[in-house]
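Single-structure report; data block below.
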Amino acid sequence: MISRELRVIDLDPVQWARFASVCARLSGVSPQLVLWHEESLSRRQLLDGRSEPVSIFRVDDARLSARELYDRYHGKLRRVVVSDLDGYDRLYAAQNLKPEPNEEKYHYLARMYQAVCAEFDRNVAIYPEPCLDRGPAAYLRMRSFLQELLPGPCCLILAVFDGQDLFCSLVARVSGSEVDLVAGFDHWGDALAGVSFSGTGLETAMQVVGRDYGEVAGAVFLSRRDFELLYDGELHDSLPGSAVPGSTAYGFSNRPDPAGQALLCTTGLFAYAPVVIP
Amino acid sequence: MKEHRINRKEFIRHLAGAAAACSQVGALSAGCGRAGERRPVAVCGSGFMLDGKVHPLYSGSFHYWRHESPLWPKLFFQLSRLGLNTVCTSVPWGVHEVSKGKYDFGRHDKSKRLEAFLDLAGRRAFRVILRLGPQVDGQLTYAGFPARVLFDPEIAARTSVGTMEIRHTAGGQFPLPSYCCEKLYSELAMYFDALVPVIAGHLYHRGGPVIGIQIDNETGCFPRAGSPYGVDYHPQALELYHARLKERYAGEISRLNRVYGANYQSFELVEPPRRFLGETFANLPPYLDWTEFSEWRKTWSLSRISRMLAERGIIGVPVLHGIPRDCRPALAIPDTERAAGIDLEGINGCPGQGDYSLERRASRTAAGMSVYPCRLEFGGGEPLSISCCGVAGEDLEFRIMTALMHGVKGIDFYMAVERDRWLGSPVRRDGRPREELFDSYQRILRFLREVRFHEFEKQAEIIFLRNHGLDRLFYLMEQGKSRSLSIPDEVFGEAVDFGFHSSGETCRIWMQQVSELMLDVGFDWDYGSTRLDSGRLSHYRTAVLLAGDYFYLEELEALRAYLSGGGILIFGPGRPRLNQWMEIDREVENFFSGAAAAEYVPEDDQAGRPAADSLAPGEASSPGRLIHMQSPIEVIRLLKAFEVSMPFSRSNKSLDLTVYRCDRRCLLFVANSTDKAQKSDIFFPGGRRFRSIMGSGNFDGKGKITLELEPYRVGVWEVS
């Protein structure tokens with residue numbers, strides 16, 4: 001999905017900061033709870049790195065305790081880790097699987113998460129299990145989008161607007177189903193400096209970007225509000241129209257796009273490349 | 001394992017003089033200037049000495065190999081407009097290596113024409129610092145290494161649980177290399193064999209623009225590799241560990257057994273700790289030794305790389321190294337600059353928003369520790385991450401000026417020219433300036449040039465000595481090994497009562513309270529460590545030392561010399577009696593028990609003066625004063641009693657002041673690190689004129705002026 005030689009160029013720092021601040025919510029809003037126990041007795045509990053009183057005194061089965069703690073916080077947590085020192089060492093070993101020299105980044109992460117989950121037992125567990133989904137589109141959906149619909153050289157465009165002002169812009173160049181370059185509109189200087197939030201603006205962006213990066217397979221212009229609704233930490237089914245009722249958006253896809261899935265994936269891609277949220 | 005005993009500096013000495021060495025080595029290199037035309041470059045407190053003239057380091061990073069060569073002149077033009085006098089570039093092994101043993105320095109890919117780049121830099125009057133790696137980071141997928149080297153299982157570092165240690169980058173993952181592995185060095189030697197002839201003729205003393213060579217980057221501190229029980233447990237790392245123990249225990253395994261409470265038959269059988277299980281202070285020596293070894297192997301690696309370059313003809317220019325901004329690695333700066341073949345160790349780091357106090361500490365640390373206080377990889381934009389904040393010009397100025405006001409004299413703006421996986425540089429990849437940022441850099445660099453900032457010295461009379469041995473205690477208790485599932489290191493950290501009179505926690509609080517009180521009063525100080533030699537210490541009239549129950553014997557010598565030179569050494573909260581092996585040690589005990597027991601200093605300054613004078617000197621023959629202070633408040637009273645100089649003071653404690661002097665010229669820096677405008681009276685003796693250099697408003701006043709500073713602003717006035 002991601003080229004090992006991925007290039008990320010010409011991002012306007014202010015635009016990137018805006019995009020990043022929305023993305024940060026995917027990992028930053030919900031805290032993580034870690035409970036350390038030894039021989040079933042709880043020793044220390046930390047909520048996002050801050051020590052707090054232990055909620056569970058005995059850990060007979062880490063898998064159950066992790067689930068119980070997660071439920072106690074009524075879904076306000078991103079993740080619960082329950083472990084003793086031996087379990088921690090096992091997690092540590094599982095996180096350090098040997099990568100293959102040309103292994104794709106997310107392929108490795110998928111293997112690594114699988115190895116981590118295989119270590120869960122009465123002494124160590126993480127709930128919910130770590131998974132690769134991030135942004136509005138699930139990892140598997142994103143992978144099949146790239147593999148099945150974008151085998152040849154092409155590019156995808158996302159621009160977000162605050163009123164008529166460009167909030168952020170990202171272009172991905174795809175080659176052999178792998179993203180090998182991400183750029184911002186700044187790459188094209190004046191040619192895209194005044195692009196408007198309109199169908200005409202979308203067409204202009206497609207023409208300018210297409211001249212450099214080849215066929216435009218998908219392009220989406222979104223309002224900031226809709227963008228924030230899509231990047232809310234939940235998975236979404238489509239865009240726009242159904243997932244974002246009443247929104248104003250402009251989109252183009254020259255791929256089969258049942259229920260706006262190609263447009264969703266065009267929007268969601270940038271949560272995987274260049275952003276990686278643990 | 002073959003161990004070379006000669007270090008880089010000794011190597012140079014053995015070459016019977018720099019001129020002879022230059023002609024000897026220069027003859028091997030194509031395109032060399034005439035040997036002896038220029039003198040070798042040296043580092044001094046104001047910059048790089050080039051033929052007797054000081055060249056302050058105002059550098060910007062520009063990676064030639066990331067830009068098409070026809071663009072280089074335009075990029076140099078912009079850097080020149082910016083006001084930089086030096087460019088810094090990495091020369092990544094992984095970029096130039098085509099396949100094992102084959103390298104491209106521009107024959108095939110024009111953007112890799114290193115010599116053309118150096119020639120152009122020279123023609124545009126830039127000096128150059130080359131970063132030769134092997135690790136250059138640069139947000140490269142393989143951090144500058146060739147992938148084949150990293151994926152060689154023989155070279156990969158090993159964790160305490162027997163696996164490789166994996167690093168994640170924007171492009172993928174790779175195993176960290178072991179810097180203790182011989183094969184890594186033999187691979188690196190091939191690269192250096194090919195690289196050195198390309199650059200040797202471009203060194204300054206051979207007529208070229210290269211004034212410094214930076215090796216590796218943040219050695220031993222790869223993200224996630226900084227924990228005590230993470231890496232490196234590579235078999236050859238353990239061989240080195242055993243050799244180090246043998247040296248530390250003078251070859252006596254019985255001595256180690258006595259200290260460890262163990263029964264090893266030989267040093268080769270000693271098991272390194274793989275997690276912290278200590279309960280009393282008697283259990284600490286194996287962990288302290290492991291931690292000391294981890295620090296030592298960094299200097300060992302650097303020394304080795306430096307020597308490899310010297311042996312191939314890279315001599316006559318200073319060798320640099322950059323460390324991360326965290327305090328811990330900075331404690332070893334004196335060791336590195338003294339022993340590792342490294343002439344200058346700078347502190348990396350891009351200051352973030354709200355980082356004022358961190359930045360102040362890092363800059364004071366550079367000022368106190370290094371021969372030339374330098375920030376490398378500093379603040380020219382941001383790496384690509386979701387914590388990017390999109391720096392605006394004013395923020396940027398505040399961050400850079402914060403570093404300068406607290407002691408930094410040389411800077412490399414990283415990256416001055418934007419590139420792949422980096423954003424917010426003053427010059428875009430295509431040469432267009434980012435106007436607002438560009439203007440800010442221009443303004444600061446103009447200020448540095450116009451006032452001749454390099455000629456000024458910060459007037460700090462106090463050095464706060466962090467205790468390297470105690471710092472190891474804080475570090476060795478960290479059980480955290482991995483952050484890849486966001487499990488914070490501190491989860492498995494506990495406050496353990498080792499049975500010390502002054503616990504680690506007591507020491508930590510003492511240091512924090514003393515610092516806060518010193519800030520409150522308005523003292524300026526630099527940070528040092530117990531690794532500083534007496535020469536450096538002697539620059540300061542007063543040293544404040546964090547002390548617990550134990551002290552490393554080898555660190556006493558510099559303190560003794562400092563006292564002999566008339567220094568005032570105030571220590572607390574503990575009064576050490578033990579050495580690093582947790583044995584009651586007469587030498588340690590005698591030294592610290594010789595201190596005056598100044599448990600109380602009268603609050604009133606006038607009354608305080610005689611009280612301070614009456615304090616007993618340190619060891620009998622010492623003209624200096626050694627004073628034990630348990631209470632942080634008393635430390636402050638004592639500093640006041642000793643009349644530590646504060647030529648300017650302020651009514652508003654939200655503002656920070658520092659003073660720089662050069663002969664009779666005086667610069668006053670005032671920082672407002674809050675989000676509100678701050679007004680303050682500034683007090684001083686006599687009548688003074690304040691001419692604004694960076695900031696707003698000129699003032700004349702007798703005894704006092706009143707100024708107001710915008711939020712997040714550093715103002716500078718020349719005071720006469």
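Of all the Cα-Cα pairs you can form in the stretch B:289-430, what percent are over 21 Å apart?
Pairs farther apart than 21 Å: 48 percent.
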Computed about the Cα centre, the charge dipole of the stretch B:56-208 from +1 Lys/Arg and -1 Asp/Glu charges at the Cβ has a magnitude in debye, to the nearest 20, of 600
Taking one equal scatterer on every alpha-carbon of the stretch A:122-187, how large is log10 of I(q)/I(0) by Debye at q = 0.12, 0.13, 0.28 1/Å? -0.48, -0.54, -1.18
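Averaged over B:410-423, how many beta carbons belonging to a partner chain fall within 10 Å of each residue's beta carbon? Mind showing how you got there, number by number?
Working: counts 0, 0, 0, 0, 0, 0, 0, 0, 5, 3, 8, 7, 4, 12.
Average per residue, whole number: 3.
Roughly how many debye, to the nearest 20, is the charge dipole of the stretch A:30-127 about its Cα centre, given +1 on each Lys and Arg Cβ, -1 on each Asp and Glu Cβ, and no other charges? Intermediate values should be presented prior to the final figure.
Numbers: 15 positive and 16 negative charges, 74 e Å.
Charge dipole of the stretch A:30-127: 360 debye, to the nearest 20.
Here are some pairs, B:K53/B:K409; B:K458/B:K679; B:K246/B:K298; B:K100/B:K298; A:K105/B:K110; B:K458/B:K676; which of them have Cα atoms lying more than 21 Å apart in this structure? It would help to have the intermediate numbers written out before the result.
Values: B:K53/B:K409 16 Å; B:K458/B:K679 24 Å; B:K246/B:K298 18 Å; B:K100/B:K298 26 Å; A:K105/B:K110 30 Å; B:K458/B:K676 27 Å.
Checking Cα-Cα distances, B:K458/B:K679; B:K100/B:K298; A:K105/B:K110; B:K458/B:K676 exceed 21 Å.
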Cβ-Cβ FRET estimate between B:R541 and A:T248, R0 fixed at 60 Å, reported to 0.05: 0.30
Just how large is the dipole of the stretch B:374-524 about the Cα centre, in debye to the nearest 20, putting +1 at every Lys and Arg Cβ and -1 at every Asp and Glu Cβ? 620
Any idea how far apart A:A191 and B:A125 come out in nm if each label point goes 7 Å out from Cα toward Cβ? 3.7
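Using only helices, what value at 222 nm comes out for chain B when you add -39,500 (n - 2.57) per DSSP H run of length 4 or more and divide by the total residues, to the nearest 500 deg cm²/dmol? Don't skip to the end; give the middle numbers.
Values: 22 runs with 233 residues, N = 720.
One gets -9500 deg cm²/dmol as the mean residue ellipticity at 222 nm.
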Sorted by accessible surface (1.4 Å probe, heavy atoms of the protein chains only), largest first, A:W188, B:W510 come out as A:W188, B:W510
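Output the relative contact order of the stretch A:130-176, whole-number percent, from Cα pairs under 8 angstrom with separation of 6+ residues.
Working: 46 pairs, mean separation 15.4, N = 47.
Relative contact order for the stretch A:130-176 comes out at 33 percent.
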Computed lengthening from B:A262 to B:I509, 0.36 nm per intervening residue step minus Cα-Cα distance: 85.5 nm
To the nearest 0.05, how large is the calculated FRET efficiency for B:L553 and A:R50 if R₀ is 41 Å and r is the Cβ-Cβ distance? 0.60
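What does the average come to when, for each residue of peptide B:139-145, you count the partner chain Cβ atoms lying within 10 Å of its Cβ?
On the way: counts 1, 1, 5, 2, 0, 0, 0.
That average works out to 1.
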In degrees between 0 and 90, to the nearest 10, how far off the longest principal axis of chain A does helix A:105-118 point, with axes built from Cα atoms? 20
For a bin width of 20 Å, list the pair-distance distribution of the protein assembly as shown built from all Cα-Cα distances, rounded to whole %. 12, 41, 38, 8, 0
Which angle between 0 and 90 degrees, to the nearest 10, do you get for helix A:13-28 versus the longest principal axis of chain A when only C-alpha atoms count? 30
Dipole axis of the protein assembly as shown (+1 Lys, Arg; -1 Asp, Glu on Cβ), positive-most option in B:F117, B:S61, A:W36: B:F117
Other chains near B:161-168: what is the mean number of their Cβ atoms within 10 Å of each residue's Cβ? 5
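Relative to the present Cα-Cα distance, how much length would full extension add between B:S80 and B:R432 at 0.36 nm per residue of separation? Don't jump to the answer; show the numbers that get you there.
On the way: separation 352, 0.36 × 352 = 126.72 nm, distance 1.34 nm.
Contour length minus the Cα-Cα distance gives 125.4 nm.
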Okay, which of the stretch B:644-665 sit inside 12 Å, backbone N to the point 7 Å along the Cα-Cβ direction of B:D681? B:649-652
Quick check: pseudo-label points 7 Å beyond the Cα along Cα→Cβ at A:D162 and B:S99, how many nm apart are they? 5.3
Report the Cα centroid-to-centroid distance between the stretch A:156-179 and the stretch B:248-287 in angstrom, as an integer. 58
Note to self, chain A gives a 222 nm [θ] from helices alone (DSSP H runs n ≥ 4, -39500 (n - 2.57) apiece, / all residues, nearest 500) of -9500 deg cm²/dmol
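Calculate, for A:D61 and A:Q147, the FRET efficiency according to 1/(1 + (r/R0)^6) with r their C-beta to C-beta distance and R0 51 Å; round to the nearest 0.05.
Numbers: r = 39 Å, r/R0 = 0.76.
That gives a FRET efficiency of 0.85.
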Quick check: pseudo-label points 7 Å beyond the Cα along Cα→Cβ at B:C44 and B:C662, how many nm apart are they? 1.3
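Sorted by average packing, counted as other Cβ atoms within 10 angstrom per residue and highest first, what order do A:3-9, A:147-153 take? List each step's numbers first, then the result.
Values: A:3-9: 20.0, A:147-153: 15.1.
With the highest mean Cβ count within 10 Å placed first, the list reads A:3-9, A:147-153.
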Taking 0.36 nm per residue of separation and subtracting the Cα-Cα distance, what length does fully extending B:S692 through B:Q459 add? 81.9 nm
Mind ordering B:491-499, A:264-272, B:303-311 by average Cβ neighbours within 10 Å, highest first? A:264-272, B:303-311, B:491-499
So how do B:260-273, B:289-302 stack up, highest first, on mean other-Cβ count within 10 Å? B:289-302, B:260-273
Given the candidates A:V82, A:A24, A:Q45, the one whose Cα lies deepest towards the positive end of the charge dipole of the stretch A:1-95, counting +1 at each Lys or Arg C-beta and -1 at each Asp or Glu C-beta, is A:A24
Roughly speaking, what is the centre-to-centre gap between the stretch A:70-140 and the stretch A:1-52 when only Cα atoms are used, to the nearest Å? 13
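The values are calculated or read from the model by the stated rules, or taken from the named source; none is laboratory data. Quick caveat: nothing in here was measured; it's all calculated off a predicted structure. Methodologically, a virtual Cβ is constructed for each residue, glycine included, from the backbone with ideal geometry; neighbour enumeration extends over all protein chains shown. We work out accessible area using only protein heavy atoms, side chains counted, and drop any ligands, DNA or RNA first. Shrake-Rupley method; radii C 1.70, N 1.55, O 1.52, S 1.80 Å.
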